[in-house]
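Here it is, the structure, as structure tokens.
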Amino acid sequence: HRRLTLGLVKMLSALNVAGPRRVLVATVLAALGAALLTTNLRIDDSWIGSLPATSDIVTGDKALNDLLAGTTTLEFMVDSNRHDGFRSPSLLAAVGEIEEAIESLPAVGAAHSVYSDVVRVNASLRGVSYSAYRDALRRGNIELTEAEIEQALMLLQSLRRSPRSFRLDSGYQRARMTVFIRSANYKRIDSVLRTAETQGQFASSFGAGDRA
């Protein structure tokens, strides 16, 4: 590309064009050269990557990303498009499918939603571990009932700093999801949002018109 760009410059100098036409030709050639150069352009949108590798910020960020779920949180809304939507076992399960699809991404340390909260409460009420209970739900060995969802939401609402009011609107229509991303950049954030959008459209429990 560098040779071709230099060739364009030489071509411009060799052209026997004067006046406004020369300006027009120069503009066209400059635009063409810029287009060729941008094909190899890469933008580093990670400000951490611009710092020295030995700096306290970089080493601290690496330690946190290695030991914890990630130093950057991304939040977005899942809309059931209906009042009381997330009291429905099928729609709440679809939020769980979105959450698990996002957690499968390499750069994601964890994802959390009202589905996680409801499952955790019910696992505790049954006296079983959260992971075992969630695995059983995933395999279809057990199912959340509407009564269990309602009971879990009521218990969550009774807490002093209730996660229910933070993760679910008062009409039970919209749910907030929080994603922890390791060494986040625009590409990784875009990957999370695209996964949420795709899973929101094709999750087995979502009906027509429901979206993330």
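The values are calculated or read from the model by the stated rules, or taken from the named source; none is laboratory data. Keep in mind it's a predicted model, so treat the numbers as computed, not measured. Don't worry about glycine lacking a Cβ; one is built from the backbone with ideal geometry, like all the others, and counts go over all protein chains shown. Protein only, heavy atoms only, side chains kept; ligands, DNA and RNA dropped before computing areas. Shrake-Rupley method; radii C 1.70, N 1.55, O 1.52, S 1.80 Å.
Before anything else, pin down the relative contact order of region 79-169: Cα pairs under 8 Å, at least 6 apart, normalised by residue count, whole percent.
Numbers: 59 pairs, mean separation 23.3, N = 91.
Answer for region 79-169 is 26 percent.
So how do Leu193, Leu105 rank on accessible area, 1.4 Å probe, biggest first, that is with the largest at the start? All intermediate terms of the calculation are to be shown ahead of the outcome.
Working: Leu193 75, Leu105 35 Å².
If we order Leu193, Leu105 from most to least accessible, we get Leu193, Leu105.
Of Ile142, Ile98, which has the most accessible area and how do the rest follow, probe 1.4 Å?
Most to least solvent-accessible, the answer reads Ile142, Ile98.
Calculate the FRET efficiency for Ser104 and Ser124 from the Cβ-Cβ distance with a Förster distance of 25 Å, rounded to the nearest 0.05.
Details: r = 26 Å, r/R0 = 1.02.
Calculated transfer efficiency: 0.45.
Express in nm, to one decimal, how much length is gained between Asn81 and Met154 on full extension, taking 0.36 nm for each residue of separation and deducting their alpha carbon distance.
Length difference between fully extended and current span is 24.1 nm.
Continuing with this model, one more query. With all protein chains present, calculate the accessible area of Asp84 using a 1.4 Å probe and round the result to the nearest 10 Å².
50
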